[in-house]
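Here's the structure, in structure tokens; my notes come after.
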Amino acid sequence: MEGLDSLGNSFRFGMDGAMDAVLKKYFKGTYERGHDGKLDFVFSDGISESFHLGKHQMAISSGIWYNEHGLSAGSSLYVCSSAMEAVAFALLQDAKLADLDESCWVAFGLNCQIPGAVPEFCFGRKINLLFGRDLLDVLRAVKICVSLKGFSVNFWLSEDQLSCQFRGRSYIFPVEGFSLSRFKQATGLRDYSSMKRPQGEDSFLDRLRSGR
């Protein structure tokens, strides 16, 4: 049985069993599964992100979503563009990465105020960023990395250029090709973060839905 997601792509429902196994293994207590199969991920302010029949609705939330399981383990931190991006990554990488069950996963709502909302458990960990390639996703990733170093950054978009203020200095970047690594190179920001993206897709959720 197949359905069409909001992009018109077929979603493989035969994957439901594997997805349920990953949800129970890594994300217990972070989601609700309806009788119709709908997934709801409730953020700290009560607003939910949902996924049903291949359709994904982001959380217009000022809160955060995270798993408590990995908080005491002290290993890797996965900062994700959404809860479903975390689930998709875990499903696709489950057999390849041995430390996933000791990892901490967190997603910030689209209206979340960074850096003020970054919880203490995010600091002092290796950071893996699961964000897409569009400009807004990249800017969110940069802001989170800067926040985890105790700084803040502001961006302004003017035609094909990005201006920003960071640590008392001004920087200008071309919009085309802007990335976290280019920001780090220009500003001298040093941390232990890295972006993780699948080949051929903008996100791990897109790859999951495409069936590749």
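Listed by chain and number, the lysines whose C-alpha is less than 26 Å from the C-alpha of Lys55, apart from same-chain residues fewer than 8 away, are Lys24, Lys25, Lys28, Lys38, Lys196. Averaging 1/r over each pair of different alpha-carbon atoms in the range 126-212 and inverting the result gives 13.8 Å, the Kirkwood hydrodynamic radius.
Among Glu68, Glu85, Glu176, Glu32, the sequence by solvent-accessible area, most first, with a 1.4 Å probe is Glu176, Glu68, Glu32, Glu85.
Between Ser179 and Asp20, the simple label model (points 7 Å from Cα in the Cβ direction) yields a spacing of 4.0 nm. Model label sites at Asp160 and Glu32, defined 7 Å from Cα along the beta-carbon direction, differ in position by 4.8 nm.
The values are calculated or read from the model by the stated rules, or taken from the named source; none is laboratory data. Small disclaimer: the values here were computed from a predicted structure and weren't measured. Glycine also receives a Cβ, built like all others from the backbone with ideal geometry; neighbour counts cover every protein chain displayed. We work out accessible area using only protein heavy atoms, side chains counted, and drop any ligands, DNA or RNA first. Shrake-Rupley method; radii C 1.70, N 1.55, O 1.52, S 1.80 Å.
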